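Peer 1: Have a look at the structure that comes next, please.
The values are calculated or read from the model by the stated rules, or taken from the named source; none is laboratory data. As the structure is a computational prediction, the values presented were derived from the model and not from experiment. All Cβ positions, even for glycine, are placed from backbone atoms using ideal geometry, and neighbour counts span all protein chains on display.
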Amino acid sequence: MTLSITVQHVLLPSGWATNKTITASNGVITDIRDATTLELKHIEEGYLIPGFFDTQVNGGGGVLFNDKPCVQSVDTMALAHLRYGTTAMLPTIITDNAQTMLKAADAIAQVLDSGTDRLKAVIKGIHFEGPYLSKTKKGVHEEAYIRKPSDAELAILTRKDIGKVLITVAPETVDVGFIKEMVSEGVTVSLGHTNADFEQIQSAIDAGATGFTHLYNAMSALTSREPGAVGAALLNEDTYCGFIVDHYHLHPKSAELALKVKGASRAMLVTDAMAHAGSDVTRLPFFNTEIVREGNKLTTPDGTLAGSCLDMHSALVNTINGCSITLAQASTMASNTPSSFMGLSNEIGNLEVGRFADFVLLSEKNEVKQVFSRMRNVC
């Protein structure tokens, strides 16, 4: 099926273009050209940017993936985030037992094999945030489940039927041989929840780790005498860093400083969203505690930050307003950069011929007007 849309402003890889018609066949962009006089009579006003790719989605729509690792949960999460412009995502399992990891992998495999076209368009794989983390920097992760990898878990991580796989590990908990093995199997390795020193972090990067999970948060800090994980992340030009720009995890100026160092091509927006995102949930049982929402902030009763109720559109707007960057730069952080990080830039992340027709139409005030997945208006 061939569909087209004519828009006032379009963000192309070369920059902003005006009065363009985009045509797609079977959900793939086939043409981007100047609009005709007739097409201009039906033009969509606003700014068209690539759909967002969130690599860290723990939950949404009232569902936490760990609690119910099944296809229905994935569908609920996808729908909750889709209306905020997230046209691609990695459902995320945080530190848990091996059985939960297996159930989550089975759910993703089922989605990619026999799920609805809409769901298969959104789900790109899975993110295992843990359980191979530092107990010192565990955050809200359940300490009882933090451990070293087993052979059975290696088999889960390296499955070939679960799409793109991202794992977050602490280099003091796994050795460089593990990282090299994961990379050789096509797994993307990110460093996080770590208290490692600079040398340990650098060794992990040399072994093939390419990312840092939620920069600044739950990692060894940059100080005058020890660069830590934050220093290593900022110093290594080729590594990618996730940013939770909800103004609770990061001070806007701390984010702005890191953005100036990394640039939009290596800094990516993530939500770290919990079940509260896209829902009216205020309290959620969580292992041996609970996560409570006050305003837009999620914490456990002792005040520990516990993910977020952030959506990618809000992350985009917060970054523009708080970090002194442009819509084009923020769009890169929300779309192209995570796509490059996960090796999917040939499919998504830019508006150009040959890419999937996933995009978001924003108003002049950066409000979401429409969301398109494979050229179909879903919001």
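Peer 1: VAL63 - would you say it is modelled with pLDDT of 95 or more, closer than 30 Å to ASN19 by Cβ and hydrophobic (A, V, I, L, M, F, W, C)? Give the derivation first.
Peer 2: Details: modelled with pLDDT of 95 or more: yes; closer than 30 Å to ASN19 by Cβ: no; hydrophobic (A, V, I, L, M, F, W, C): yes.
Criteria not met by VAL63.
Peer 1: Look through VAL371, VAL317 and report the one residue that is part of a strand (DSSP E or B) and touching a helix residue (DSSP H, G or I) at 6+ places or on another chain (Cβ under 9 Å).
Peer 2: Values: VAL317 fails: part of a strand (DSSP E or B).
It is VAL371.
Peer 1: Report, by residue number, each residue of region 210-234 that is without any contact (Cβ under 8 Å) to a residue 12 or more places away in the chain and either of a type in the set (Gly, Ala, Ser) or outside any loop (DSSP other than H, G, I, E, B) (or both). Write out each step before concluding.
Peer 2: First pass over region 210-234, keeping only residues without any contact (Cβ under 8 Å) to a residue 12 or more places away in the chain: 221, 223-225.
Answer for region 210-234, where residues must be without any contact (Cβ under 8 Å) to a residue 12 or more places away in the chain and either of a type in the set (Gly, Ala, Ser) or outside any loop (DSSP other than H, G, I, E, B) (or both): ALA221, SER224.
Peer 1: Right, here's the next one. Does any residue of region 235-243 turn out to be crowded, with 16+ Cβ neighbours inside 10 Å, of a type in the set (A, V, I, L, M) and either without any contact (Cβ under 8 Å) to a residue 12 or more places away in the chain or not in a strand (DSSP E or B) (or both)? Spell out the reasoning first.
Peer 2: Within region 235-243, the subset crowded, with 16+ Cβ neighbours inside 10 Å is 236, 239-243.
Those still in the list that are of a type in the set (A, V, I, L, M) too: none.
No, region 235-243 contains no residue that is crowded, with 16+ Cβ neighbours inside 10 Å, of a type in the set (A, V, I, L, M) and either without any contact (Cβ under 8 Å) to a residue 12 or more places away in the chain or not in a strand (DSSP E or B) (or both).
Peer 1: Another one. Within region 293-312, can one find any residue that is part of a helix (DSSP H, G or I) and at pLDDT 95 or above? Give the derivation first.
Peer 2: Taking region 293-312 first, the residues part of a helix (DSSP H, G or I) are 312.
With at pLDDT 95 or above added as a condition, the list becomes 312.
Yes, the conditions are met somewhere in region 293-312.
Peer 1: With respect to VAL281, determine if the residue is at pLDDT 95 or above and buried (at least 17 other Cβ atoms within 10 Å of the Cβ).
Peer 2: On the way: at pLDDT 95 or above: no; buried (at least 17 other Cβ atoms within 10 Å of the Cβ): yes.
So VAL281 fails the test.
Peer 1: Moving on to the next point. Kindly indicate the residue of region 211-253 that is touching a Leu at 6+ places or on another chain (Cβ under 9 Å) and among the hydroxyl-bearing types (Ser, Thr, Tyr) and also farthest from LEU310 (Cα to Cα) among those meeting that condition.
Peer 2: Of everything passing the filter in region 211-253, THR239 is farthest from LEU310 (Cα to Cα).
Peer 1: Still on this model: Return the total of residues in region 126-137 being part of a strand (DSSP E or B) and either free of Cβ contacts under 8 Å to residues at least 60 places away in the same chain or in contact with a helix residue (DSSP H, G or I) (Cβ under 7 Å, 6 or more places away or on another chain) (or both).
Peer 2: Step one: list which residues in region 126-137 are part of a strand (DSSP E or B), which gives 126-129.
If we keep only those that are either free of Cβ contacts under 8 Å to residues at least 60 places away in the same chain or in contact with a helix residue (DSSP H, G or I) (Cβ under 7 Å, 6 or more places away or on another chain) (or both) too, we end up with 126, 128.
The total comes to 2.
Peer 1: Continuing with the same structure: For region 1-38, how many residues meet the condition of being in a strand (DSSP E or B) and within 25 Å of the chain's Cα centre (by Cα)?
Peer 2: Within region 1-38, the first condition is being in a strand (DSSP E or B), and the residues that meet it are 2-12, 15-25, 28-34.
Restricting the remaining residues to those that are within 25 Å of the chain's Cα centre (by Cα) gives 10-12, 15-16, 28-29.
Here the count works out to 7.
Peer 1: Report yes if LEU191 is within 15 Å of the chain's Cα centre (by Cα) and either closer than 26 Å to ASP106 by Cβ or in contact (Cβ under 8 Å) with a residue 24 or more places away in the chain (or both), otherwise no.
Peer 2: On the way: within 15 Å of the chain's Cα centre (by Cα): yes; either closer than 26 Å to ASP106 by Cβ or in contact (Cβ under 8 Å) with a residue 24 or more places away in the chain (or both): yes.
Judged against the criteria, LEU191 is a match.
Peer 1: Shifting gears a bit: Within region 81-116, track down each residue that is at pLDDT 95 or above, touching a strand residue (DSSP E or B) at 6+ places or on another chain (Cβ under 8 Å) and assigned to a loop (DSSP other than H, G, I, E, B).
Peer 2: ARG83, TYR84, GLY85, THR95
Peer 1: Looking at region 286-307, can you tell me whether even one residue there is closer than 23 Å to ILE94 by Cβ, of a type in the set (Gly, Ala, Ser) and surrounded by 15 or more Cβ atoms within 10 Å (Cβ to Cβ)?
Peer 2: yes
Peer 1: Is it true that VAL57 is surrounded by 23 or more Cβ atoms within 10 Å (Cβ to Cβ), closer than 30 Å to GLU129 by Cα, in contact with a Ser or Thr (Cβ under 6 Å, 6 or more places away or on another chain) and among the aliphatic types (A, V, I, L, M)? Spell out the reasoning first.
Peer 2: On the way: surrounded by 23 or more Cβ atoms within 10 Å (Cβ to Cβ): yes; closer than 30 Å to GLU129 by Cα: yes; in contact with a Ser or Thr (Cβ under 6 Å, 6 or more places away or on another chain): yes; among the aliphatic types (A, V, I, L, M): yes.
Yes: the conditions hold for VAL57.
Peer 1: From the list ALA121, ALA144, exactly one residue is in the same structural domain as ASP96 (by TED's automatic domain parsing) and surrounded by fewer than 18 Cβ atoms within 10 Å (Cβ to Cβ). Which is it? It would help to see each step written out before you state the result.
Peer 2: On the way: ALA121 fails: surrounded by fewer than 18 Cβ atoms within 10 Å (Cβ to Cβ).
Exactly one of ALA121, ALA144 is in the same structural domain as ASP96 (by TED's automatic domain parsing) and surrounded by fewer than 18 Cβ atoms within 10 Å (Cβ to Cβ), namely ALA144.
Peer 1: On to the next question. Of the numbered conditions (1) out of contact with any Pro (no Cβ under 9 Å at 6 or more places or on another chain); (2) on the phi < 0 side of the Ramachandran plot, MET268 satisfies every one except a single condition; which is it?
Peer 2: Here MET268 meets the rest and fails (1).
Peer 1: Only one of (1) buried (at least 20 other Cβ atoms within 10 Å of the Cβ); (2) more than 24 Å from the chain's Cα centre (by Cα); (3) of a type outside the set (D, E, K, R) is not met by THR168, so which one is it?
Peer 2: It fails just one condition, (2).
Peer 1: Only residues that are touching a residue at least 40 places away in the same chain (Cβ under 8 Å) and more than 24 Å from ARG33 (Cα to Cα): list them for region 333-365, please.
Peer 2: First, pick out the residues of region 333-365 that are touching a residue at least 40 places away in the same chain (Cβ under 8 Å): 333-344, 348-364.
Selection gives MET333, ALA334, THR337, PRO338, SER339, SER340, PHE341, MET342, GLY343, LEU344.
Peer 1: Criterion first (in contact with a helix residue (DSSP H, G or I) (Cβ under 9 Å, 6 or more places away or on another chain) and in contact (Cβ under 8 Å) with a residue 12 or more places away in the chain) does LEU48 satisfy it?
Peer 2: Details: in contact with a helix residue (DSSP H, G or I) (Cβ under 9 Å, 6 or more places away or on another chain): no; in contact (Cβ under 8 Å) with a residue 12 or more places away in the chain: yes.
Taking the combined requirement at face value, the residue does not satisfy it.
Peer 1: Restrict the check to region 352-368 and report whether at least one residue is surrounded by 22 or more Cβ atoms within 10 Å (Cβ to Cβ), more than 18 Å from the chain's Cα centre (by Cα) and in a helix (DSSP H, G or I).
Peer 2: So far as region 352-368 goes, no, none of its residues is surrounded by 22 or more Cβ atoms within 10 Å (Cβ to Cβ), more than 18 Å from the chain's Cα centre (by Cα) and in a helix (DSSP H, G or I).
Peer 1: Moving on. Condition test on THR37, is it within 30 Å of ALA267 (Cβ to Cβ) and without any contact (Cβ under 8 Å) to a residue 12 or more places away in the chain? Step through it out loud before you land on a result.
Peer 2: Working: within 30 Å of ALA267 (Cβ to Cβ): no; without any contact (Cβ under 8 Å) to a residue 12 or more places away in the chain: yes.
Taking the combined requirement at face value, the residue does not satisfy it.
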